[in-house]
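Participant: Sharing a structure with you now.
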Amino acid sequence: MIQAYFRHVHPYAPMISKIVFLEQYYFQNPHPPDEYLVYAICAIACQFMIREGNPIMRYGVSPETLLSLHQVFREKAEKLLTIVYRRSKISTIQTLILLATFVNTSQDKDDDMLQWFTCGTAIRMAQDLGLHRSSSRWRLPETEIELRRRVWYAAYILDREISAELGRPVTVNDDDFDVEIPTPYELEFPHCLYARDPEASGFMPQILLDAEEDVAEKRETYKSFVANCHLAKILGRVLHTLNSPKGQQIYPAIIAEIDISLAEWAAKFIADYSNLDQQAAPWNRAMMIYYHCMQILLHRSSLGNHDPNNIQHALQALSASTTSATKIIEYVEEGEACGYICLPWSIVSYSVFQAALVFLFNAKGENEYLRDLGAKNLARCAYIYTKDETYRDSRPAKLLMSLAARFSVQMDQPLLLQQQQQPESRKRDFGTAQSESFESGLCDRAEAPVSHLPSSQKHDYSASADALFYHGLTLFPPSVPSQPVYLGSNSNVQFDVASLSSEVALWNASSGMTWNDWGPYLHNSPSPPQQQPHGSHP
């Protein structure tokens, strides 16, 4: 279980000093690890061991046994919540972050409250220990300084994720801390703590040898985590514009700044990607899912805007949202095809849900091509949820199905059946047999956007225009005079004004995915009032 945790979860949030913990766990050097932290690690590891598939072949235990162990370990770890107020400790914060990150998504309300308050408790305890302040000049070992940074940013990232999932304001403002971004290197073992039993030194777990080798070789093991820290800061700005009561007043200026920040982040991530080893591939895919989810959150409030002064911006937003929604589904499917995508499933679930909203908007629109494509892609989203036993009955899955039923969207059943029959080689209805590379997926938004227009209307914006053309979905250039955005090799399908009309008032929707947020959309009454979107006034 310990090895499963460090294989699947630790690269996502390296807030535990790997070598120190392994020394404590295997050799009690200089003491055993915190018991609640061990319980939380084992509870989470059981979930991933089940999701890997064939646990009897891999580990000699059945899925039912692992599920029972998960529940036992989870209950033991949650006992920490009854005594958490007694003393602030790093290990307690680590345990709270794990408990808040991995929750039972099948519950409608209880786990929302538990996740929200547990994350808040972790943040308050971190502030109590001064983790929100720079310790670079404190008289502490370098390994402890680095660990403090990682624990703080793990809580910071979680704060943004939960705020997005629940549609609530962030807890930590960027002006309230001055902690440096963590390094991507493995933490070495403090020699002052070395007290291992000589008789135990003959046994050295491979996981510990690999970690020590990472230290010796100075491998950038956690480069994706560092990138996630930067991306979380951008997400915080996106959420501020969505969830802040004052966000509407500054939205037009903020959206342009955030768009630039996302493009700069993507360009740097592309440049760094070639230096990352293959082991980091799942986390690179995670960053891409995050990136495209933020694109949807940033642009979807402009969908449906028929103001003549903002039609061009609305078309660009629709193109960007549709492209990013499609990329999210592709990355999730690719992650499943090459092995389980090692992420907290709530993150994948949230991003898939946001993609599904864009497809639902298109499926109820007036553009025939986008309407058909939206229904097909909505079926792909449904399949991602329904094929997994753990998340088939989850709230996001039920909410998505309820929304599809509420708006009478007939999802492509033949395509869904084909996916169920051939899960490892799902076909995609985009005219290509193979998915694009990681780099080209980022290029959709990392460089200046380019439209695919008829030759009489085409402008030479970039030499890489063909590289930016993604499965017939393109981005509308801000500098082009108002005109439709054409799709497809024959230029006979377009993002036009009709594309902006839909029964789903997506710009009014919350960023969260709770029943309370979506209740008005699920009533049998007409669609919610279509208010003017953010930024509709010049």
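The values are calculated or read from the model by the stated rules, or taken from the named source; none is laboratory data. Since the model is a prediction, treat every value here as computed from it, not as a measurement. Every residue, glycine as well, gets a Cβ built from its backbone with ideal geometry; the counts of neighbours run over all protein chains shown. Heads up: the accessible areas ignore ligands, DNA and RNA and are worked out on the full protein's heavy atoms, side chains in. Shrake-Rupley method; radii C 1.70, N 1.55, O 1.52, S 1.80 Å.
Participant: Please report the accessible area of ILE181 (heavy atoms, 1.4 Å probe, ligands and nucleic acids excluded) in Å², nearest 10.
Facilitator: 40
Participant: Another one. In debye, nearest 20, what is the charge dipole magnitude of the range 1-129 about its Cα centre with +1 on Lys and Arg Cβ and -1 on Asp and Glu Cβ, if you could check? All intermediate terms of the calculation are to be shown ahead of the outcome.
Facilitator: Numbers: 12 positive and 12 negative charges, 57 e Å.
With only Lys, Arg, Asp and Glu charged at Cβ, the dipole is about 280 debye.
Participant: How would TRP518, TRP138 rank on accessible area, largest to smallest, probe 1.4 Å? Don't skip to the end; give the middle numbers.
Facilitator: Values: TRP518 5, TRP138 110 Å².
Ranking TRP518, TRP138 by accessible area, largest first, yields TRP138, TRP518.
Participant: Mind ranking 355-361, 119-125 by how tightly packed they are, going by the mean number of other C-beta atoms within 10 angstrom, highest first? Can you show the working numbers first?
Facilitator: Details: 355-361: 27.6, 119-125: 20.3.
Descending packing order for the listed peptides: 355-361, 119-125.
Participant: To continue, here is another question. Show the residues, 5+ positions off or on another chain, whose built amide H is closer than 5 Å to the amide H of SER135.
Facilitator: Distant-sequence amide H within range of SER135: GLU180.
Participant: If one computes the Cα centroid of the range 129-147 and of the range 6-51, what distance in Å separates the two points?
Facilitator: The range 129-147 and the range 6-51 have Cα centres spaced 22 Å from each other.
Participant: If N is the number of residues in the range 1-93, what value comes out of its Cα radius of gyration divided by 2.2 N^0.38 Å?
Facilitator: Details: Rg = 13.9 Å, N = 93, 2.2 N^0.38 = 12.3 Å.
Dividing the Cα Rg of the range 1-93 by 2.2 N^0.38 Å gives 1.13.
Participant: Starting at the first residue of the range 13-20, write each ³J(HN,Hα) from the Karplus equation 6.51 cos²θ - 1.76 cosθ + 1.60 with θ = phi - 60°, in whole Hz, x for Gly and Pro.
Facilitator: Running phi through 6.51 cos²θ - 1.76 cosθ + 1.60 with θ = phi - 60° gives 9, x, 8, 10, 5, 4, 5, 4 Hz.
Participant: Could I ask something else about it? Per residue and in Å³, how big is the convex hull formed by the alpha-carbon atoms of the range 110-191? Don't skip to the answer; put the middle values down first.
Facilitator: On the way: hull volume 9.0 nm³, N = 82.
Taking only Cα atoms, the range 110-191 has a hull volume of 110 Å³ per residue.
Participant: Follow-up. For ALA271 and THR82, calculate 0.36 nm times their separation in residues minus their Cα-Cα distance, and state this gained length in nm to one decimal. All intermediate terms of the calculation are to be shown ahead of the outcome.
Facilitator: Numbers: separation 189, 0.36 × 189 = 68.04 nm, distance 4.66 nm.
Between ALA271 and THR82, full extension yields 63.4 nm more.
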